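K.L.:
My structure is below; once you've seen it, I'll send some questions.
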Amino acid sequence: RRAGEGVGAGISKESMEGEAGGQDAYQAAQALESVTDLVEERQLDENKVNTAMVALAEADKANREAQRKREKELAAVQINSEDVEVISNEFALDKKAAELRLREMKGDLEVALKSFLD
């Protein structure tokens, strides 16, 4: 139902006044119309919330999948443990952080070291 097409739509105050209790009937129709409008608005709000939640869930799923893919790609990069030691010692990093940077730089020690200076 669109706006203006509710239960009381098409009922004018003038058409109701000719009937017995017309004023009361008109007011009742208007009250019913406002209630149905409220219910319709709530349903629209619920639909918007549901749509937003589905979109967020899909975005979260895509982000997790992208993260897994990135982790898999980084794990496939061959690195030298001595290079991890160099980065760890030179920049006072734990070995995991040093290893991650080295993997991100495709195992190239020189590029990894320079990346800390940029």
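K.L.:
In vacuum, with every alpha carbon of segment 65-117 counted as one equal point scatterer, what does the Debye formula give for log10 I(q)/I(0) at q = 0.15, 0.21, 0.26 Å⁻¹? Two decimals, please.
P.N.:
Reported log10 I(q)/I(0), two decimals: -0.37, -0.68, -0.94.
K.L.:
Quick check on packing: order 25-33, 101-109 by the mean number of other C-beta atoms within 10 Å, highest mean leading.
P.N.:
101-109, 25-33
K.L.:
Another question about this same structure. Mind listing the phi-derived Karplus ³J(HN,Hα) values for segment 57-69, rounded to whole Hz, using 6.51, -1.76 and 1.60 with θ = phi - 60°, and x for any glycine or proline?
P.N.:
4, 5, 5, 4, 4, 5, 5, 4, 5, 5, 5, 4, 4
K.L.:
With all protein chains present and a 1.4 Å probe, how do VAL77, VAL49 order by accessible area, largest first?
P.N.:
Details: VAL77 25, VAL49 80 Å².
From most exposed to least exposed: VAL49, VAL77.
The values are calculated or read from the model by the stated rules, or taken from the named source; none is laboratory data. Quick caveat: nothing in here was measured; it's all calculated off a predicted structure. Reconstructed Cβ throughout: ideal geometry from the backbone, glycine too, with neighbour counts over all protein chains shown. When the accessible area is computed, the model is the full protein with side chains, heavy atoms only, and any ligands, DNA or RNA have been set aside. Shrake-Rupley method; radii C 1.70, N 1.55, O 1.52, S 1.80 Å.
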